[in-house]
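Asks: One structure, as structure tokens, below. Some questions next.
The values are calculated or read from the model by the stated rules, or taken from the named source; none is laboratory data. Just so you know, these numbers come straight off a predicted model, no measurement behind them. For neighbour counting, all protein chains shown are included, and Cβ atoms are generated from backbone atoms with ideal geometry for every residue, glycine included.
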Amino acid sequence: MFRGALEPWHLVLLILVIVLVFGSKKLPDMARSLGKSARILKSEAKAMKEEGKQAYNSPEPAEEQSPAQRTIQAAPGDVTSSRPVSEPTDTTQR
């Protein structure tokens, strides 16, 4: 029954069902948010790789330093909702 290959009319039928289910007005927004998510995932993966390389290249143990203040952003490039975060330094009082 299944030959393992999709024929062109299968793809047309699939696209038609997606348009009918989600509507043509929501599809561009969904594609845009999917692109943003992919960009965020790619940048986070790159940052993790760089962080791993730095930890691998420095064999001496890092001295305990006071952590720098971090900034949480809602989305890349969105500076209006950025806010500094103060993290607790003493974890015994939780």
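Asks: Please specify each residue of region 18-30 satisfying the condition of being part of a helix (DSSP H, G or I) and loosely packed, with under 10 Cβ neighbours inside 10 Å.
Replies: Across region 18-30, the qualifying residues are 20, 21, 28.
Asks: Do we find a residue being modelled with pLDDT under 90 and surrounded by 10 or more Cβ atoms within 10 Å (Cβ to Cβ) anywhere in region 56-69?
Replies: no
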